[in-house]
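The block underneath contains the structure these notes are about, expressed in structure tokens.
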Amino acid sequence: MRLAPFAAIVLTSALAGCGVAPDTREPAARAPTSGSGSANWERPQARQCVTELGRSGSQFAPLPDRMYGAGCSTLDSVQLDRVGGDLGPLTVTNLGPLACPLANDFAAWARYGVDRAARQILGSPLVRIETMGSYSCRNVAGTGRLSAHSRAEAVDIGAFLLADGRRISVRDGWNASAKEREFLRVVHRSACKRFGTVLGPDYNAAHHDHLHLEQGDGSFCR
Ligand SMILES: [Zn+2]
């Protein structure tokens, strides 16, 4: 399995750089043993991306490239379990494959956009981000155009769990108390600085319960 040594190196550098508690799980064991492109991580650009992700304190496993037909694929993607925070690791739930550049943007947003906003506005650190998934072979709702989810280049965010036990969901918090409203709007705004496309409850009914964060150079923020 050619991925194994590299995945181990990535994890080691992540632990060395950020003091994240060692995890007994072997990350390489989670990578699929078959697939069309186990050599993808030997390309410099792909290696650089996972090296950067490791330095951020994230815990993840690089995945082989896979093509699913119908224009759907997961290339240079990772299985992301945790990202680094100022005070410790932040857990991320319900994620499938995530394109590595998107994972880097997500890790930075979680730490600098969400965790710090949670402490400043709500007075408690963030411990978990609950997603509603990343890769999905589907069209943009109501169109014949493939969604960025079909390339693992988008992630949907449903809720945030704080250290004091409060859970702020996009669905219930968007129009809840002043503090929750402010928190969700601040994390939405900070997402707009890091992602090409950000869609939330104010965009349309399809996004009433999540924030859609999409990789890219654009600046579509709704
Ligand atoms: Zn989405």
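The values are calculated or read from the model by the stated rules, or taken from the named source; none is laboratory data. The model shown is predicted, which means the values in this text are computed figures rather than measured ones. FYI the Cβ positions are ideal-geometry reconstructions off the backbone, even for glycines, and counts take in every protein chain you see. All accessible areas refer to the heavy atoms of the entire protein, side chains included, with ligands and DNA or RNA removed. Shrake-Rupley method; radii C 1.70, N 1.55, O 1.52, S 1.80 Å.
Restricting attention to region 152-184, the residues being basic (Lys, Arg) and either assigned to a strand (DSSP E or B) or at pLDDT below 95 (or both) number 1. Considering only residues of region 185-222 that are of a type in the set (A, V, I, L, M) and under 17 Å from the mean Cα position of the chain (by Cα), which is farthest from the ligand (Cβ to nearest atom)? Among residues in region 185-222 that are of a type in the set (A, V, I, L, M) and under 17 Å from the mean Cα position of the chain (by Cα), the one farthest from the ligand (Cβ to nearest atom) is 187. Residue 92 passes every criterion in (1) in contact with an Asp or Glu (Cβ under 9 Å, 6 or more places away or on another chain); (2) assigned to a loop (DSSP other than H, G, I, E, B) apart from (2). Note on region 115-128: residues that are within 20 Å of residue 177 (Cα to Cα) and free of Cβ contacts under 8 Å to residues at least 60 places away in the same chain total 8.
Checked against (1) open to solvent by 50 Å² or more (accessible area, probe 1.4 Å); (2) within 29 Å of residue 150 (Cβ to Cβ); (3) at pLDDT 50 or above, residue 34 meets all criteria but (3).
Residues checked against (1) open to solvent by 20 Å² or more (accessible area, probe 1.4 Å); (2) in a helix (DSSP H, G or I):
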{"residue": "73", "(1), (2)": "no, no"}
{"residue": "82", "(1), (2)": "yes, no"}
{"residue": "109", "(1), (2)": "no, yes"}
{"residue": "118", "(1), (2)": "no, yes"}
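Name the residues in region 87-107 that are open to solvent by 40 Å² or more (accessible area, probe 1.4 Å), modelled with pLDDT of 95 or more and not polar (S, T, N, Q), would you? Residues satisfying the conditions are 89, 101, 105. In region 148-172, the residues that are away from the ligand (no atom under 14 Å from the Cβ) reach residues that are part of a helix (DSSP H, G or I) and acidic (Asp, Glu) with C-beta atoms within less than 6 angstrom, at least six apart or across chains, in these pairs: 168/180.
Checked against the criteria, residue 139 does not count as free of Cβ contacts under 8 Å to residues at least 40 places away in the same chain, surrounded by fewer than 18 Cβ atoms within 10 Å (Cβ to Cβ) and more than 12 Å from the ligand (Cβ to nearest atom).
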